[in-house]
Amino acid sequence: SHPPLCPPGIKCGGVLSAPSGNFSSPNFPGPYPYETECTWLIVVAEGSSVLLSFSHFELEYHAACAYDYLQVYNGASRDQGNLLGTFCGHSPPPPFASAWHVMAVIFRSDRHVAKRGFAAAYRKDACGGQLTGLSGEITSPRYPESYPNDAECRWSIGGAGAGGPLTLVFADFQVEGGQGCGFDYVALFDGPTTAAPCLGRYCGSAHPPRTVSSAPHLLVLFKSDFNIGGRGFKAHFYSAGECQEVFTAIKGNFSSPRYPSFYPNNLKCQWSIQLPPGYRVKVFFLDMELEGRSSLTGGCDYDHLAAFDGGAKNGSLLGRWCGRESPAPVTSRRNHLLMILHTDRNTAKRGFSVAYVGVVPMNVSCTRTDFHIQIPMQSLAQLERNRIYLGTPSCAAQVVGGNFKIHTRFDTCGTESQKRNNTSIIVSTLYIDFSVGDQEDIHQYEVQCEPKRKEASVTLMAGPDTSRLSQAENLVDAQQQDGESMDAREIKSQDSSDIVFISICILAGLLMVIAVVGLVLL
């Protein structure tokens, strides 16, 4: 028998506000109707969470779930950043724990092939469940109030596209102690079940150490016995690689999770750039589209990207951005820089893409006739002296004490005289060759001297991977670029005037020849 087309008054979807309940597809356990769309909004008390589970699931199968499907969202909106998953076929969705007190479930069928549908149940403040986001938070039941006795909670973190290992950090921890943690405890497993290797078992009031899984799955088990409780715990998890990464290379690139697709909501991701002592970090923004500024405050109150000088959030703020900005490059004052992406519960966008280059520590000075460049050898410990040269490879650095040194006259090593802002300066390019094997990786610094004042300066010009640094191929400051473009226009106009002058001279010469020939003939 064929299921009926969905009649106009069919009972489908609605708001579920009881502490627990059940719902199912229309006509369940019979075949669901064609061309149906139902939305259930589960709303429990603020501060609570929702645990959703499925006892039966049978929808038409398609590899991309393009025909009949069920979607589960954190929150009320159909924002792609809140999507926990799209499901079809015969495999039921895992139990889902919401990130806050609202969860939406959407069921849709097309005009062909109907199955029996699904049956689901939910309850508030149930502990445990499947957590599939790239970052999130878990707390013991009733936290920060005392957790209940005889509790057993299992949070399975990962799956559903999480690619890298998971990091778990405890922000608060107070669980009944005891030798061997035999009463109340939190146990961590390196996989989706308790059959995976145990990473640790913790109780008492000392925070468990930061834990990193070896696979994209982590199980957190919390158990309490029949008496004596505690405040419980609060922990944050991050998916390493996409949402938390540490960079130690001299240059690199990274982007928001899922870039250039929409990033997930409810994220707190961090990227730490840690370079050798003496270096500074220069970050270039290749693309940025985040949720816009608040219309009330004009600030980046919703989704935002922030950069901090040093390796921690208590370092000085270098910038905070949102919307469709094109920020100027930022440079740290130290050898560490931390970038944090914070996204709220709705309105996801494309995200961001950045590149960074380590600024090599160096001392540049000049006289009226010479350049002096000095770089500590420990900053370029892996490099031979011939990998550091001014203008041409024949002007390579010398090793003097613990430094690479270049001491050269202005009339050698590819130096040239230029005029910028009506000031005569001497300019050359310092090359530092980090290439390994076939991977070319040459950093360029523009070295300048104003001989009259004996003032020298150095600017990172171009790092490697200029295709990724598309908008930053010439990494001089904007003011300097303006000066250069003006100089280029001056040079161009001088060139064109020279061409006109030469043309006039040639024409005059031809006329003179014609005149002389004419006189001879006469």
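Applying 1/(1 + (r/R0)^6) with R0 = 35 Å to the Cβ-Cβ distance of D441 and H407, what FRET efficiency is obtained, to the nearest 0.05? Please list the in-between numbers first.
Values: r = 26 Å, r/R0 = 0.75.
Efficiency at R0 = 35 Å is approximately 0.85.
So between S17 and V113, what do we pick up on full extension, going 0.36 nm a residue minus the alpha carbon distance?
31.3 nm
Report the extension gain between N253 and F226 in nm, rounded to one decimal, defined as 0.36 nm multiplied by the number of residues separating them, less their alpha carbon distance.
Difference between extended and current length: 4.5 nm.
Just going by the charge dipole of the range 223-277, with Lys and Arg at +1 and Asp and Glu at -1 on Cβ, which of I273, C243, F226 is farthest out on the positive end?
F226
Can you tell me which of 308-316, 446-454, 116-124 comes out highest on packing, and rank the rest after it, using the mean Cβ neighbours within 10 Å?
By packing density, highest mean first, the sequence is 116-124, 446-454, 308-316.
Which one of V175, P209, A195 has its Cα pushed farthest toward the positive end of the charge dipole of the range 130-239, where Lys and Arg give +1 and Asp and Glu give -1 at the Cβ?
The listed residue farthest towards the positive side: P209.
Going out from 0 in 10 Å bins, what whole percent of all Cα-Cα distances in the range 289-421 drops into each bin?
10, 27, 22, 19, 16, 6, 0
If you find the alpha carbon centre of the range 206-259 and of the range 389-416, how far apart are they in angstrom?
With the range 206-259 and the range 389-416 each reduced to a Cα centre, they are spaced 49 Å.
If the range 244-359 were replaced by its equivalent ellipsoid, with semi-axes equal to the square roots of 5 times the Cα gyration tensor eigenvalues, what would those be, largest first, whole Å?
Numbers: eigenvalues 114, 42, 30 Å².
So the three semi-axes of the range 244-359 are 24, 14, 12 Å.
Please state the shape class of the range 13-125: rounded when a/c is under 1.5, otherwise prolate if a/b exceeds b/c and oblate if not, all from the C-alpha gyration tensor.
In terms of gyration-tensor shape, prolate.
Once R0 is set to 25 Å, what does the formula 1/(1 + (r/R0)^6) return for the Cβ-Cβ distance between H236 and S55, expressed as a FRET efficiency to the nearest 0.05?
Plugging the Cβ-Cβ distance into 1/(1 + (r/R0)^6) gives 0.20.
Holding the Cα-Cα limit at 32 Å, pick out from K223/K268; K405/K452; K313/K405; K115/K223; K124/K268; K11/K234 the pairs that are longer than that.
K313/K405; K115/K223; K11/K234
Explain nothing, just the number: dipole magnitude of the range 377-440 about its Cα centre with +1 on each Lys and Arg Cβ and -1 on each Asp and Glu Cβ, in debye rounded to the nearest 20.
340 debye
Along the Cα→Cβ direction, 7 angstrom out, place labels at K452 and N149. What is the inter-label distance in nm?
8.9 nm
Order the peptides 134-143, 269-278 from the highest to the lowest mean number of other Cβ atoms within 10 Å of their residues.
Averaged packing, sorted descending, gives the order 134-143, 269-278.
Given bins 10 angstrom wide, list per bin the percent of all Cα-Cα distances in the range 347-471, short to long.
Going out from 0 Å in 10 Å bins, the range 347-471 shows 12, 40, 30, 12, 4, 1 percent.
Throughout, read-outs are computed from the coordinates displayed, never taken from laboratory work. These figures come from a predicted structure and were not determined experimentally. Positions of Cβ are backbone-derived with ideal geometry, glycine not excepted, and every protein chain shown enters the neighbour counts.
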